[in-house]
Every structure is written in C-alpha cells, then in structure tokens.
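**Q** Mind having a look at this structure? Questions to follow.
The values are calculated or read from the model by the stated rules, or taken from the named source; none is laboratory data. As the structure is a prediction and not an experimental result, all values here were calculated from the model. Counting neighbours? That spans all protein chains shown, and the Cβs are built from the backbone with ideal geometry, glycine included. Side chains included, ligands, DNA and RNA excluded: accessible areas come from the protein's heavy atoms. Shrake-Rupley method; radii C 1.70, N 1.55, O 1.52, S 1.80 Å.
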Amino acid sequence: MQIADRMNFIQNSVFANLRKDKEQYEQQHHQQVLDFTLGSPNIPPALNVIETLSNQAQIARNYRYAVDPLNELIDAISEWYFNRYQVRLTADEICLLQGSQEALVNLPLLYCNPGDGILVQNPYYPAYVDAPHIAQAEILFMPLKEKNDYLIDFDAISPIQRQKAKMMIVCYPNNPTGATAPDWFIEKLIRFAKENDILVIYDNAYSDLIFDGSKGKSFLSFDGAKEVGIELNSFSKSYGMAGARLGVMVGNETVIAQYRKLKSNLDYGVFLPVQYAGIEALQTGSKIVEQTRQTYIERRQLLQQEFSKAGWAIELTKATMFIWAQIPEEYDDSYAFAKDLLFKTGVLVTPGLAFGQEGKRYVRLALVTENETICQAAKRFEQTQFFHSLTTSD
C-alpha cells in the first residue's frame, strides 16, 4: 500500500525528533534535560474554570453530540470581542473550533485547487506549511527580516505571486519571532488583500501577550478587514485551556458559512463541558489573563538576566510566550547549535530552521518553564563554560 504523494511533504514534528535527542542525552548522562522547546503553557486555567469543566463532565446529557455550539457560548464570544477588541460580531460571523489549528489546516481546502498559491510568512508556525501541502497548493514564502522588524515586505511580493495567491496566512503577535504589528501595517495588509483578491487568515492567538504596556488588537477592528478575511483566536494561551482544545474563527460571513459546511462533514462539535468552561473563562477570566501576562514578563526578564550572565546575550522579544534568540557566530546553523547545546549542557531549545530557512541563525525558547528551571539552565551554562569558551577560543 502506497501513501499519497502529498504525504511526502509532511515530516514528523520537529518536537518528536527533539524528544529522541532528549532521551538519548538522559540515558547517556543520567541527568534531566531542561526543555525549552514545545510551547505548551504550564499556567493552568482559573480554578473556577476547572471546576466548571469538572462539574459539567459529571452530567450525563453533556456526552451527546454537540453539533450546534451552545448559544450561551456564541453570545459570550460576541460580548468578549466587543469588550476586548471593540469588534461587533453576529452569530453568522462566529464559528467554534476544536482549537484554532483545526481551521489553519482545513481552510485551504475551501479555496485552493491544486497548484493555487498560499502566501506564508517565513519563519512560520509549522501548520502554516502543512496546510498547503494537504490542499496540494503551492507555498509562496514571505521572508520576515529582523531589519524590517519581522514585518511582511509587501513590495517584495512579485506580480506572479500576487496573481497566483488565493490566500495568505498572517500571524501577529508573531510565533516564533515575537514581533508585533503596528496599525499602519494592518491597514496596508487589508489594502494589499483587496487589491489582489486574496483571503487573509489572521492568527491572533497571542494578542493578550504583549509586554510593552500596549493592548493587542484584533485584525477585525480595522476598516475593511471583514471584507477580506477571518481571524483565528484561542483559549489556549490567554486562559490556559490548551489541552481542552477550544478556539474560534470570526469575521467574513461567507468564509464562516463555507467552513461550517466543511466542518459538518468532519466532526460533531466541541465537547459540551469544554464549551461551558469556555463560557466561564470569558465571563470571569480577566484576572487570570493579566496574571498570565505578568508571569511571562517575569520569566523573560529572568531568562535574559541569567543567560546574559552566563555568556548568552539574549534580546527580549516584544510579545508571545517565546524568545527568538540569535545563535553564536561560530555555528553554521541553528540545528548544529541546538544539538551542541543539548549534549554539552543538557539544555534543549528549538532550532529556528524548524520554522523555515529564515530561522537559520536563530533558536526559539518557550517560556513555559518555572523560574527555577531558567536559573538551572543558566547555571549549567556557567558550569560547562559553554558560551564563555566560544568567546575565548577566537
């Protein structure tokens, strides 16, 4: 039995490969690896959200199919978007998801025929390139450069690419770079999409994790956004519900209607206790959102302080739960650096090349570890003199 050609483009997750290296190190050195790779939040939901999920899970009728989302949750989402982002949404502009990645993977099936193009940022979240491969679409990369503050350079998108592209996937605050998008950029994005008849898929999962004091906005809060696109949002990062798999797609009514048609053939909705937990999170969760943001602020500052003392100069990213860090000049690429770092210090980071060619000189560190782990990692750098030995060997 031969698999479909499309599967030749899909590789095992980088995190699965990193786990193998992690196991090898621990077997050889009998020491626990300090892991900064997978961005799985370790900040739990508020206690009342957990209690709501637990209580609803004990009600027998909640185990039926949830084909139609709870009206109370749709209302809560509409109220959330108005209060948080000043965006008015009707029920026809809201679609419930089993996590936002569900839509990321499936949306190209709606609008792309084989050979159509999808504009994708580089570096990228891996699902952004898996989705075009599944739809047999062509990936058209948009390089994100540090000199441009990791913003898309629309002028660098060729006429051929503009003509070929049916949709574009955009993420700000950005994973993995941590960059944020100013208002003028979003306005330019909307104009670009209108002029070239391109559907915008805007991933807004990190809008509550901006650290300069400003408040993250919704793509839909800008004039014309609903005409050209949809926005994906998540309960994972802000409310700590990553494993519960709850997300939303909001915006263009036509896209929502088409996606609902596709979704009706894919699944039977989100487990009802999770929906009730989502309602509780939206209605009472503002405190936990602020606590979560503050926790990441403290972790990123501690990481910069302690790693810099140990010889690794880290620049703080503006947002998200990640640090996008440059590797030392002595290394050819981020895979070589990450492997050396692991087997010499027992600290595991994600090579930037796992997010595309533009990540060759970077690694990503997830701030999902306790302060103690950050300090332990810095201590290992000091004990092994890993970074100091690089500078003294020149």
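**Q** Which of the residues that make up region 274-296 are modelled with pLDDT of 95 or more, open to solvent by 30 Å² or more (accessible area, probe 1.4 Å) and of a type in the set (Val, Ile, Thr)?
**A** Result: Thr295, single match.
**Q** Which ones in region 163-199 are over 23 Å from Glu146 (Cα atoms) and open to solvent by 10 Å² or more (accessible area, probe 1.4 Å)?
**A** Taking region 163-199 and keeping what is over 23 Å from Glu146 (Cα atoms), we get 163-167, 191, 193-199.
If the condition is that a residue be over 23 Å from Glu146 (Cα atoms) and open to solvent by 10 Å² or more (accessible area, probe 1.4 Å), then Gln163, Lys164, Lys166, Arg191, Lys194, Glu195, Asn196, Asp197, Leu199 are the ones that fit.
**Q** Test each condition in (1) touching a Ser or Thr at 6+ places or on another chain (Cβ under 9 Å); (2) open to solvent by 90 Å² or more (accessible area, probe 1.4 Å) for Leu34 and report the one that comes out false.
**A** The number of the failed condition is (2).
**Q** Continuing with the same structure: Spot the failing condition for Lys318; the list is (1) within 23 Å of the chain's Cα centre (by Cα); (2) closer than 21 Å to Gln376 by Cα, and only one is missed.
**A** For Lys318, the failing item is (2).
**Q** Can you name every one of the helices (runs of 4 or more DSSP H) wholly within region 72-166 that holds 3 or more residues which are small (Gly, Ala, Ser) and touching a residue at least 12 places away in the same chain (Cβ under 8 Å)?
**A** Working: elements: 100-106, 108-111, 127-134, 159-164.
No helices (runs of 4 or more DSSP H) qualify here.
**Q** Looking at (1) open to solvent by 50 Å² or more (accessible area, probe 1.4 Å); (2) in contact (Cβ under 8 Å) with a residue 24 or more places away in the chain; (3) closer than 28 Å to Gly178 by Cβ; (4) more than 20 Å from the chain's Cα centre (by Cα), which is the one condition that is false for Glu253?
**A** (3)
**Q** Which condition number does Asp212 fail, the rest of (1) without any contact (Cβ under 8 Å) to a residue 60 or more places away in the chain; (2) open to solvent by 10 Å² or more (accessible area, probe 1.4 Å); (3) more than 26 Å from Asp92 (Cα to Cα); (4) over 19 Å from the mean Cα position of the chain (by Cα) being met?
**A** The number of the failed condition is (1).
**Q** Mind checking which residues of region 90-123 are in contact with a helix residue (DSSP H, G or I) (Cβ under 6 Å, 6 or more places away or on another chain) and of a type outside the set (A, V, I, L, M)? Show your work before the answer.
**A** The first filter runs over region 90-123 and keeps only residues in contact with a helix residue (DSSP H, G or I) (Cβ under 6 Å, 6 or more places away or on another chain), leaving 91-95, 97, 101, 104-105, 108, 110, 117-118, 120, 122-123.
Answer for region 90-123, where residues must be in contact with a helix residue (DSSP H, G or I) (Cβ under 6 Å, 6 or more places away or on another chain) and of a type outside the set (A, V, I, L, M): Asp92, Glu93, Cys95, Gln101, Pro108, Gly117, Asn122, Pro123.
**Q** Hey, another quick one. Of all residues in region 297-319, which are surrounded by fewer than 18 Cβ atoms within 10 Å (Cβ to Cβ) and among the hydroxyl-bearing types (Ser, Thr, Tyr)?
**A** Within region 297-319, Ser308 is the sole residue that qualifies.
**Q** Six or more apart or on different chains, Cβ under 6 Å: which pairs go from a residue in region 374-387 that's aromatic (Phe, Trp, Tyr) to one that's part of a helix (DSSP H, G or I) and open to solvent by 70 Å² or more (accessible area, probe 1.4 Å)? Could you list them?
**A** Within 6 Å, the pairs are Phe386/Lys344.
**Q** Among the residues of region 292-318 satisfying the criterion of being out of contact with any helix residue (DSSP H, G or I) (no Cβ under 9 Å at 6 or more places or on another chain) and touching a residue at least 40 places away in the same chain (Cβ under 8 Å), which is nearest to His388 (Cα to Cα)?
**A** Of everything passing the filter in region 292-318, Arg300 is nearest to His388 (Cα to Cα).
**Q** Moving on to the next point. Output the residues belonging to region 344-373 that are out of contact with any helix residue (DSSP H, G or I) (no Cβ under 6 Å at 6 or more places or on another chain) and of a type in the set (Phe, Trp, Tyr).
**A** Within region 344-373, Phe355 is the sole residue that qualifies.
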